[in-house]
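These notes are about the structure you will find just below.
The values are calculated or read from the model by the stated rules, or taken from the named source; none is laboratory data. Since this is a predicted model, take the numbers as computed values, not measurements. FYI the Cβ positions are ideal-geometry reconstructions off the backbone, even for glycines, and counts take in every protein chain you see. Just so you know, the surface numbers come from the protein's heavy atoms only, side chains and all, with ligands and any DNA or RNA stripped out. Shrake-Rupley method; radii C 1.70, N 1.55, O 1.52, S 1.80 Å.
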Amino acid sequence: MSVNQSLKPITTKRENNLTIGGCDLVELAKTYGTPLYVIDEVSLREICKEYKSAFKDYKNINMMYASKALCSLATSKIIADEGFGFDTVSAGEIYTVHKAGANMSKVLFNGNNKTSREIELAIDLGVGRFSVDNFYEAELLNQIAGKKNTTVSILLRVAPGIECHTHEYIQTGQIDSKFGFDLTQTDEILNKIQSDYSNLKVKGLHAHIGSQIFEPKSFEDEIDILIKELARINSKYKLNLNELNIGGGLGVTYTNDDNPPSVEVFAASIKQALKISAEKYSIEEPVIYIEPGRSIISTAGVTLYSIGSSKQVPNGRKYIAIDGGMADNPRPAMYQAVYSAEIANKKDNCALETVTIAGRFCESGDILIEKIILPKPEAGDILCVYNTGAYNYSMASNYNRVEKPAMVLVNNSQSDMIVNRESLEDLVLRECIPDRLK
Ligand code: LLP
């Protein structure tokens, strides 16, 4: 089984209490407080190894972790050590992976509205590829590279018009998308680059069709469209563009109803599609970039919460409130995402109850899990929510002026703090009261 097919971090064990990476989750909650993000190093390294092994027979593959899923110094260091580069979308992500020691030539800067400041930082730190999203940006990037007397290697971000079956908000490749050039615009941008933008060197194409995808067929369709376009461009402009970034998107298992393909099956269908389409359009199989985010980090992460109050609505449901919610995990409120959980300090052998897990934030929509069966949840219990590694910490906010949780890395019965819990002092640190108000 691939790590992305597992509901829980692969080191999860049920002794009396739940343990991950050999660490008792109840002890972790006591030591570090809750809410607490926990990252299992073994699950993280294992999925990186699975990706590498699944693609090792493809002649030229570049793995880039999509930092937007979770970006921190320690996790970036682990992912870089596993041989991955990074897909980044902001100065913050670029700076973080740089600080973590990433090889910057294996970093791509992507996004639909990069600022001049961000572009300058990316050039100064030696980012290897820019994904150029639109006409405005091509001009801006050329100008800044010119000023710095340098040439930058770019991929053209295109919208291949694939509609995959995922939540509308996380679809990105469909026509009418805010990302990338429409395929009818690639001639115009290529002409412009050839005639006016001598500081841009086009290497190939980039696309991303969406996230939490279960059907390899979506990627096969994407590859066919991109290779067809690459072949057309090469023949029309007498070029030899040979790089294709097919984005991220492989899904994970949030509940037992989710059934994503393994990394191996996903890789096999991609390699097969590359071979078939390259033959069909008579070009060499291109250099490939893939940018998985969720499937790398989601399963490795869980969040621990303390259960507090509860409320039985007369003839209605039973709410169990936790000390976190939409500020540390906005996905249920934003995308109706469904999560699985267990009580770390209780086995399923006492009376079971069907409950709703409510967040602590002042909004009725702050419901973390609509319906779950748990062994009689009570105040003081520790709830472990699975698959929170991706798009939780990275999308966390300070809503209600609540401090962001800490994050610990667990492995071999050892736990290390990798993100300190925010303090009340942190909340006011960057604020000031103007003198005239004093
Ligand atoms: N590459 C590009 C260009 C992307 O836009 C994304 C994600 C990825 C790679 C990584 O995709 P992944 O492997 O993680 O599916 N906040 C949403 C997900 C937004 C994804 C945005 N782009 C969520 O929580 O579901």
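Structure summary
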quantity	calculated
Amide H partners (placed H, <5 Å) of VAL202, local residues excluded	ILE154
Under 15 Å from LYS178, Cα to Cα: aspartates and glutamates that are on another chain or at least 8 residues apart	ASP133, GLU137, GLU163, GLU168
The range 177-183 - phi-based ³J(HN,Hα) in whole Hz, Karplus 6.51/-1.76/1.60, Gly and Pro as x	7, 7, 9, x, 7, 5, 5
Cβ-Cβ FRET estimate between LYS280 and SER413, R0 fixed at 45 Å, reported to 0.05	0.30
Whole-Hz couplings from phi, Karplus 6.51/-1.76/1.60, listed for the range 335-340; x for Gly and Pro	10, 6, 5, 10, 10, 10
In Å², nearest 10: area of ARG129 left accessible to a 1.4 Å probe	40 Å²
The range 346-418 shape via C-alpha gyration tensor axes, a/c threshold 1.5	oblate
Sequence of CYS350, CYS23 from largest to smallest accessible area, 1.4 Å probe	CYS350, CYS23
At most 16 other Cβ within 10 Å, DSSP loop - GluC sites (Glu not before Pro), the range 1-106	GLU15
The chain - mean residue ellipticity at 222 nm from DSSP helices (-39,500 (n - 2.57) per run, n ≥ 4, rounded to 500)	-9000 deg cm²/dmol
Gain on full stretching of the segment that runs from TYR335 to TYR237 - 0.36 nm per residue minus C-alpha separation	31.0 nm
For the chain, accessible area per residue (1.4 Å probe, heavy atoms of protein chains only), Å²	44 Å²
Straight-distance crosslink candidates among aspartates and glutamates, where the alpha carbon sits under 12 Å from LYS236 and sequence neighbours closer than 8 are dropped	ASP187
Chain lengthening between LYS59 and ASN315 when straightened (0.36 nm per residue, less Cα-Cα)	85.9 nm
Lys/Arg +1, Asp/Glu -1 at C-beta; the range 227-312 dipole; positive extreme among ALA273, PRO260, GLY301	ALA273
Test item: Cα-centred dipole of the chain, Lys/Arg +1 and Asp/Glu -1 on Cβ, debye	420 debye
Carbon/sulfur fraction of accessible area - the range 270-392, other protein chains in place, 1.4 Å, %	51 percent
Residues THR150 and LEU429, FRET efficiency given R0 of 41 Å [Cβ-Cβ distance, rounded to 0.05]	0.65
Dipole magnitude (debye, nearest 20) for the range 112-242, charges at Cβ of Lys, Arg, Asp, Glu	660 debye
Cα gyration tensor shape for the range 12-104, rounded if a/c is under 1.5, else prolate or oblate	oblate
Rounded to whole Hz, the Karplus (6.51, -1.76, 1.60) HN-Hα couplings of the range 432-437, x for glycine and proline	8, 9, x, 3, 5, 8
For CYS23, distant residues with modelled amide H under 5 Å away	SER413
Rg over Rh, two decimals, the chain (C-alpha only, Kirkwood Rh)	1.01
Nearby aspartates and glutamates by direct alpha-carbon distance to LYS52 (threshold 13 angstrom, same-chain neighbours under 8 apart not counted)	ASP81, GLU82, GLU264, GLU291
Dipole-positive endmost among ALA100, ASN329, ALA351 within the chain (Cβ charges, Cα centre)	ALA100
